[in-house]
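Asks: The structure follows.
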Amino acid sequence: MGTKTVDETGAETGADTERDETAVEATEAGDVTVTEAEAEPDEVPAGSGVGQGAAAVVSAALGLVSLTGGWLGTVAAARETLVGQLETAADAGIATQVKEVYGDAWNTTALWAGLFALTALIVGVVVLARPAFGTPGRTLQAPWIKSVAWAGVSLGVIGLLLAVLKYTDVLLALPATG
């Protein structure tokens, strides 16, 4: 009535099978169970990490957008140019016109690039830190997720640095007038 090992049930084991007799048990109903010693501990179940992988890709994409400029930054800069043209008086000096029309648009572009870079940086760091706050004993994360998240963090840091340099006019400042 109890459980029997595979050898006791008369099942053919073959010479090349080297399992511990206590690892596989067969019940009278014919069900075979595998103990925890036989399970693959390093195997990541299918479908795990999908959200982390998606977030890592989003982080890298946002970092890339922060470097190349995005549609939103372009539209905001064009709007700022239009506002500068409307608010600048026709008899204003050249320096005032350049600052209002081009300088504010340049700063708006830098601001949006910085926001994209900061978002990429935060999302990448969250993906990298996520395994530390997951289920205890389950800290596996696919290597490609870590790689893409690190790419997002790196692009975010570079994009943030460039955005700050552009906004403060250290990098490509407006030309001097007069």
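Asks: Among (1) surrounded by 12 or more Cβ atoms within 10 Å (Cβ to Cβ); (2) over 21 Å from Trp150 (Cβ atoms), where does Leu128 come up short?
Replies: Looking at each condition in turn, Leu128 falls short on (2).
Asks: Of (1) exposed (fewer than 15 other Cβ atoms within 10 Å of the Cβ); (2) touching a residue at least 12 places away in the same chain (Cβ under 8 Å), Ile158 satisfies all except one. Which?
Replies: Result: Ile158 fails condition (1) only.
Asks: Residues that are open to solvent by 90 Å² or more (accessible area, probe 1.4 Å) and either out of contact with any helix residue (DSSP H, G or I) (no Cβ under 8 Å at 6 or more places or on another chain) or aromatic (Phe, Trp, Tyr) (or both): does the stretch 103-110 have at least one? I'd like the intermediate steps shown before the answer.
Replies: We begin by selecting, within the stretch 103-110, every residue open to solvent by 90 Å² or more (accessible area, probe 1.4 Å); these are none.
There is no residue in the stretch 103-110 that is open to solvent by 90 Å² or more (accessible area, probe 1.4 Å) and either out of contact with any helix residue (DSSP H, G or I) (no Cβ under 8 Å at 6 or more places or on another chain) or aromatic (Phe, Trp, Tyr) (or both).
Asks: Among the residues that make up the stretch 22-42, is at least one of them touching a Leu at 6+ places or on another chain (Cβ under 8 Å) and at pLDDT below 55?
Replies: Yes, the stretch 22-42 contains at least one residue that is touching a Leu at 6+ places or on another chain (Cβ under 8 Å) and at pLDDT below 55.
Asks: It is to be established whether one or more residues within the stretch 85-93 are open to solvent by less than 40 Å² (accessible area, probe 1.4 Å) and in a helix (DSSP H, G or I).
Replies: Checked against the condition, which is being open to solvent by less than 40 Å² (accessible area, probe 1.4 Å) and in a helix (DSSP H, G or I), the stretch 85-93 yields no hits at all.
Asks: Look through Thr81, Thr68, Thr96 and report the one residue that is open to solvent by 40 Å² or more (accessible area, probe 1.4 Å), of a type outside the set (Phe, Trp, Tyr) and farther than 30 Å from Val127 by Cβ. Break it down into steps so the answer makes sense when it comes.
Replies: Details: Thr81 fails: open to solvent by 40 Å² or more (accessible area, probe 1.4 Å); Thr68 fails: farther than 30 Å from Val127 by Cβ.
Matching residue, one of Thr81, Thr68, Thr96: Thr96.
Asks: Follow-up question, since we're still on this one. How many residues are under 37 Å from the mean Cα position of the chain (by Cα) and in contact (Cβ under 8 Å) with a residue 12 or more places away in the chain when one looks only at the stretch 80-114?
Replies: Quick first cut of the stretch 80-114, residues under 37 Å from the mean Cα position of the chain (by Cα) only: 80-84, 99-114.
Now narrow it down to the ones that are in contact (Cβ under 8 Å) with a residue 12 or more places away in the chain: 80-81, 83-84, 99-114.
The total comes to 20.
The values are calculated or read from the model by the stated rules, or taken from the named source; none is laboratory data. Note that the structure is a prediction, hence the values are computed from the model and not measured. Heads up, the Cβs are rebuilt from the backbone with ideal geometry, glycines too, and the neighbour counts pull from every protein chain shown. SASA here: full protein model, heavy atoms, side chains in, ligands and nucleic acids out. Shrake-Rupley method; radii C 1.70, N 1.55, O 1.52, S 1.80 Å.
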